[in-house]
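**Student:** This structure is in structure tokens; I'll ask about it shortly.
The values are calculated or read from the model by the stated rules, or taken from the named source; none is laboratory data. Computed from a predicted model, the values in this text were never measured in an experiment. When we count neighbours, we look across all protein chains shown, and the Cβ atoms used for this are built from the backbone with ideal geometry, even at glycine. These accessible areas exclude ligands, DNA and RNA; they are computed on the full protein's heavy atoms, side chains included. Shrake-Rupley method; radii C 1.70, N 1.55, O 1.52, S 1.80 Å.
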Amino acid sequence: MKKLFYNPIEHPVAVKLESKILGVNKQYEPYTGEGPIGMEELFKLAATDSFEKVEVKLTAHNQAYYRDSKNPFEQVPVEGWVSLKDYKNGGGYLKDRTISFKL
């Protein structure tokens, strides 16, 4: 499973949560106060079996990426609707321990 790295200061533009068990089917913008907004919280929800869908809409401001397994020095940008169930939480991009440099 790929690790998703992101800018921890920038919240997603929108969030989708779906849980048949809890009767939740909600899409909201983070700044409306309708639900969790932090990526850490959302990754925790995605790790549970209670939610079938935990998706976030990311933009270039979120600076989200994962590392390509064939070329680990390459950052693959991630934008648009993303299912957090498909990724591990890599944390803020400052936690990315892979050294990137160009010669």
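**Student:** In segment 14-27, which residues are of a type in the set (A, V, I, L, M) and either open to solvent by 70 Å² or more (accessible area, probe 1.4 Å) or over 22 Å from residue 91 (Cβ atoms) (or both)?
**Tutor:** Passing the criteria: 21, 22, 24.
**Student:** Has segment 15-38 got any residue that is assigned to a loop (DSSP other than H, G, I, E, B), among the aliphatic types (A, V, I, L, M) and touching a Leu at 6+ places or on another chain (Cβ under 8 Å)?
**Tutor:** no
**Student:** Something else about it: Within the group 59, 32, 48, which residue is within 17 Å of residue 1 (Cβ to Cβ) and not small (Gly, Ala, Ser)? Give the steps one after another, and end with the answer.
**Tutor:** On the way: 59 fails: within 17 Å of residue 1 (Cβ to Cβ); 32 fails: within 17 Å of residue 1 (Cβ to Cβ).
Every option except 48 fails the conditions.
**Student:** Taking residue 42 and the conditions (1) touching a Ser or Thr at 6+ places or on another chain (Cβ under 6 Å); (2) surrounded by 16 or more Cβ atoms within 10 Å (Cβ to Cβ); (3) not β-branched (Val, Ile, Thr), which numbered condition does it fall short on, given that it satisfies the others?
**Tutor:** Every condition holds for residue 42 apart from (1).
**Student:** Testing residue 60 on (1) closer than 17 Å to residue 30 by Cα; (2) more than 15 Å from the chain's Cα centre (by Cα), one condition comes back false. Which one is that?
**Tutor:** Among (1) closer than 17 Å to residue 30 by Cα; (2) more than 15 Å from the chain's Cα centre (by Cα), residue 60 violates only (2).
**Student:** Among the residues of segment 29-66, write down those that are touching a residue at least 12 places away in the same chain (Cβ under 8 Å), basic (Lys, Arg) and out of contact with any Phe, Trp or Tyr (no Cβ under 8 Å at 6 or more places or on another chain).
**Tutor:** Correct list: 53 only.
**Student:** Here is a list: 8, 12. Which entry is modelled with pLDDT under 90 and not aliphatic (A, V, I, L, M)? Can you show your working first?
**Tutor:** Values: 12 fails: modelled with pLDDT under 90.
Every option except 8 fails the conditions.
**Student:** Residues 57, 70, 26: which one is modelled with pLDDT of 95 or more and out of contact with any helix residue (DSSP H, G or I) (no Cβ under 8 Å at 6 or more places or on another chain)?
**Tutor:** Values: 70 fails: modelled with pLDDT of 95 or more; 26 fails: modelled with pLDDT of 95 or more.
One residue alone meets the criteria, 57.
**Student:** Please go through segment 79-103 and give me each residue that is open to solvent by less than 100 Å² (accessible area, probe 1.4 Å) and either among the polar types (S, T, N, Q) or at pLDDT below 90 (or both), ordered by number.
**Tutor:** Residues satisfying the conditions are 83, 89, 90, 91, 92, 93, 96, 98, 100.
**Student:** If only one of 8, 30 is within 30 Å of residue 74 (Cβ to Cβ) and either open to solvent by 40 Å² or more (accessible area, probe 1.4 Å) or of a type in the set (Asp, Glu) (or both), which one is it?
**Tutor:** Unique residue meeting the criteria: 8.
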